[in-house]
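The values are calculated or read from the model by the stated rules, or taken from the named source; none is laboratory data. From a predicted model like this one, the values you see are computed outputs, not experimental measurements. Every residue, glycine as well, gets a Cβ built from its backbone with ideal geometry; the counts of neighbours run over all protein chains shown. Ligands, DNA and RNA are excluded from the accessible area calculation, which covers all protein heavy atoms including side chains. Shrake-Rupley method; radii C 1.70, N 1.55, O 1.52, S 1.80 Å.
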Amino acid sequence: LALVGVTACGGDDSSAPATEAPSTEAPSTEAPTTDAPAGGELQGLKGTTPLVKLSDEWKQALSDFWVSEGNEALNDWSYAAESFDSVMLIALAAEQAGADGSALANEIVAVSKDGEKCSDFQTCVDLIKAGTDIDYEGVSGPNTMNGNGEPLEASYGVLNFGADNRIDDSLTTFIPASAPESAVKPLATAGVEREGDGVLKLGGLLPETGSLAFLGAPMIAGVEYAVSLINEAGGVLGKPVEYSPGDSGDTSTDTASVTVDRLLSENVDAIIGAASSSVSLTVIDKITQAGVVQFSPANTSLKLVDYADNGLYFRNAPPDDLQGAVLAGLVAADGNASAYILALDDAYGTSLADVAEAVLGDSGVEVLGKKIYDPAATSFDAEIAEIVAADPDAIILISFDEASRILRTMVENGIGPKNKAVYGVDGFIGNALGENFDAGK
């Protein structure tokens with residue numbers, strides 16, 4: 001994650017982030033109340049995440065597939081659609097290229113735009129075989145890609161927690177965002193050639209363990225469901241797609257590196273993942289220098305915008321300059337005059353915090369503080385004490401699964417969602433947060 005669109009992404013990561021919030025319809029224009037509502041301690045917490053309105057039919061089909069594979073029914077959908085679409089784009093690119101190996105990388109952007117629109121694998125393949133350029137419209141949205149292999153368009157869901165400490169789907173709203181013309185980049189091509197063998201082989205680098213493990217089920221389900229549908233339709237290049245799952249862990253372990261070594265030894269053509277931008281940054285060189293595609297459904301760090309990736313790194317979760325602007329716009333639209341930002345110290349947290357800080361300032365919201373914390377800390381008492389002393393109208397929390405412990409400390413100090421306007425991001429916004437909070441984790 002650092003998880004989403006591209007606004008003024010040119011240059012390296014040290015360049016100034018976009019300072020204009022995208023035009024949106026504010027979900028709320030009234031200042032949040034500070035009166036404590038009845039219900040769970042998380043009631044009133046809002047969070048942004050890359051999300052489109054998923055159909056009930058697709059969600060049910062995905063969950064049914066996942067259960068049929070011996071798993072529990074899904075109740076979170078974070079990055080499930082992006083994971084599904086990442087497989088579809090790779091498969092369609094291989095069909096367009098007529099080959100697996102590094103050749104398919106040169107067609108991923110092409111199949112995402114500027115052709116005849118199609119949304120299911122068989123229809124898209126039939127168009128390709130007829131010599132028609134295609135524009136894959138995915139479950140996660142248009143998937144229209146910039147020349148550097150990341151989205152030009154995005155949709156963010158604004159998720160709200162209800163009295164049961166779970167997301168109240170009836171309150172979910174959606175905010176579109178898109179990159180300006182100035183963000184458009186020339187098409188990159190694969191800088192490392194790797195011959196295919198006629199069989200599209202995919203590897204997984206997804207969070208089965210670690211600080212993003214709560215995202216694992218929907219993402220892995222999305223990948224495996226896509227592979228199953230593709231193979232039901234006859235596979236790619238006339239042969240079934242092969243998939244080898246793998247754990248990404250997090251940056252506290254070398255799990256991702258071990259998984260990547262195994263997948264490369266298995267001669268995969270593309271690796272789906274990682275979810276964490278920081279994890280991806282630890283293995284991206286190893287993957288792309290081998291002539292293998294890396295496609296993340298969830299990376300959003302700005303450090304990856306202009307990364308030297310040999311034209312082999314892709315993502316369909318937009319960079320943080322879009323999410324940061326959407327998040328800051330939401331805080332401003334809710335009528336908050338001041339805000340405090342608490343963000344984890346990694347590529348995701350720092351880049352998203354920087355964008356939110358800049359956009360808040362340009363929107364007239366005073367940023368009373370920005371604290372970058374150690375996610376491995378055993379206590380967050382000192383950080384919360386600083387927020388209490390600052391007394392902001394709004395608190396922005398940019399975190400992973402440690403968010404549950406941070407929020408518990410906030411509640412204990414009287415600055416939880418019942419007392420302050422608290423906003424979160426895709427790194428932890430999901431029903432797993434409520435489950436962990438209720439369990440005291």
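Couple of notes before you dig in:
- Computed from phi, the 3J(HN,Hα) profile of region 177-184 under the Karplus parametrisation 6.51, -1.76, 1.60 (θ = phi - 60°) reads 8, 8, 7, x, 4, 5, 8, 5 Hz, with x in place of Gly and Pro.
- Based on the reciprocal of the average 1/r between different C-alpha atoms, the Kirkwood radius for region 327-441 equals 14.0 Å.
- Length-normalised contact order of region 74-133 in % [C-alpha pairs under 8 Å, at least 6 apart]: 28 percent
- Entries of Lys117/Lys303; Lys53/Lys441; Lys201/Lys239; Lys185/Lys286 with Cα pairs more than 20 Å apart: Lys117/Lys303; Lys53/Lys441; Lys185/Lys286
- Cα-based reach from Lys59 at 16 Å (exclusive), listing aspartates and glutamates while leaving out same-chain residues under 8 positions away: Glu69, Glu72, Asp76, Glu82, Asp85, Asp120, Asp169, Glu224
- The value of relative contact order for region 184-327, using C-alpha pairs under 8 Å at least six residues apart, is 26 percent.
- Relative packing of 47-53, 297-303, 166-172, 247-253, which averages over residues the other C-beta atoms within 10 Å, highest first: 297-303, 47-53, 247-253, 166-172
- FRET efficiency, 1/(1 + (r/R0)^6) with R0 25 Å, evaluated for Thr172 and Glu57 via beta carbons: 0.90
- Within straight-line reach of Lys129, meaning a Cα separation under 14 Å, sit the following aspartates and glutamates at least 8 residues removed in sequence or on another chain: Glu95, Glu116.
- Whole-number percent relative contact order across region 246-355, with pairs defined as alpha carbons under 8 Å at least 6 apart: 22 percent
- Candidate lysines - alpha carbon under 20 Å from Lys420, same-chain residues fewer than 8 apart omitted: Lys46, Lys370, Lys371
- Here r is the Cβ-Cβ distance between Val258 and Ser338 and R0 is 51 Å; the resulting FRET efficiency, rounded to 0.05, is 0.65.
- The charge dipole of the chain, taken about its Cα centre with unit charges on the Cβ atoms of Lys, Arg (+1), Asp and Glu (-1) only, comes to about 80 debye.
- Share of carbon and sulfur in the accessible heavy-atom surface of the chain [1.4 Å probe, %]: 47 percent
- Proximity of backbone amide H atoms, modeled 1.01 Å from N, is registered between Ile395 and Tyr340, Ala421, Val422, Tyr423 at under 5 Å, excluding neighbours fewer than 5 places apart on the same chain.
- In this structure, the amide hydrogen of Gly369, modeled 1.01 Å from its nitrogen in the peptide plane, lies closer than 5 angstrom to those of Ile341, counting only residues at least 5 positions away or on a different chain.
- Taking GluC sites (Glu not before Pro) across region 226-306, the ones in a DSSP loop with at most 16 further Cβ atoms lying within 10 angstrom of their Cβ are Glu266.
- Dividing the convex hull volume of the alpha carbon atoms of region 113-184 by its residue count gives 124 Å³ per residue.
- Accessible surface, per residue, of the chain when the full set of protein chains is kept, probe 1.4 Å, Å²: 36 Å²
- Helices in the chain, meaning DSSP H runs of at least 4 residues, each add -39500 (n - 2.57). Divided by all residues, the mean residue ellipticity at 222 nm is -10000 deg cm²/dmol.
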